[in-house]
Amino acid sequence: MSPITNLAREGLNRRQAVALGLGGIAAAMAPLNARATPESARKLLSDMVKTEPKAGKVQIKTQEIAENGNTVPVTITVDSPMTDKDYVKAIHVVADRNPLPGVASFSLNPASGKAEVQFRMRMAETQNIIAVAEMSDGSAWTATREVKVTIGGCGG
């Protein structure tokens, strides 16, 4: 006997079972509440990068105010010659108000030619984007950029 037949015998008809299933799918697809905090973002970065990052060398280019947080373009550039002896090994990006703090990690090497990455991210509310570049000499550099997300034309 199928589970649906079993449910019908116990008082739940097929239409109710389908509605219940669709409700479960809708609940699973609902956006997560923001869980990341500035502390969880810093903890994630310290777990990924063992060296204390210093300010400088990293630039975050993005909108100051995002009218649509569904697709915010971000460019991260690191001042590096990208030679065999001096290059960016990785760029890690976190956000302190997203459902999860980790946004992206990029691996680079001298063959990358340029220490720059571009991507789009979804932002539900105003928050900081933090980027850390790990260098081949073991040093780490960082930058932070606040992006204000408007909701219906008002700052969020």
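Quick notes
- Scanning region 61-106 for residues that are part of a loop (DSSP other than H, G, I, E, B) and hydroxyl-bearing (Ser, Thr, Tyr) yields a total of 4.
- Pairs where the first residue, in region 70-82, is within 26 Å of Asp137 (Cβ to Cβ) and the second is exposed (fewer than 12 other Cβ atoms within 10 Å of the Cβ) and of a type in the set (A, V, I, L, M, F, W, C), C-beta under 9 Å, 6+ apart: Met82/Ala111
- Candidates Ser136, Ser80 - the one that is within 22 Å of Arg42 (Cα to Cα) and not hydrophobic (A, V, I, L, M, F, W, C): Ser136
- Within region 59-76, the set of residues being touching a Phe, Trp or Tyr at 6+ places or on another chain (Cβ under 9 Å) and surrounded by fewer than 19 Cβ atoms within 10 Å (Cβ to Cβ) comprises Pro73, Thr75.
- Single residue of Glu52, Glu39 found to be assigned to a helix (DSSP H, G or I), at pLDDT 55 or above and loosely packed, with under 14 Cβ neighbours inside 10 Å: Glu39
- Count - residues of region 107-132 that are closer than 20 Å to Thr150 by Cα, part of a loop (DSSP other than H, G, I, E, B) and either touching a helix residue (DSSP H, G or I) at 6+ places or on another chain (Cβ under 8 Å) or not hydroxyl-bearing (Ser, Thr, Tyr) (or both): 4
- Residue tally, condition at pLDDT below 95 and buried (at least 22 other Cβ atoms within 10 Å of the Cβ), over region 99-126: 2
The values are calculated or read from the model by the stated rules, or taken from the named source; none is laboratory data. In this text the structure is predicted, and so the values were computed from the model without any measurement. A quick note on method: Cβ atoms are made from the backbone with ideal geometry, for glycine too, and the neighbour counts reach across all protein chains shown.
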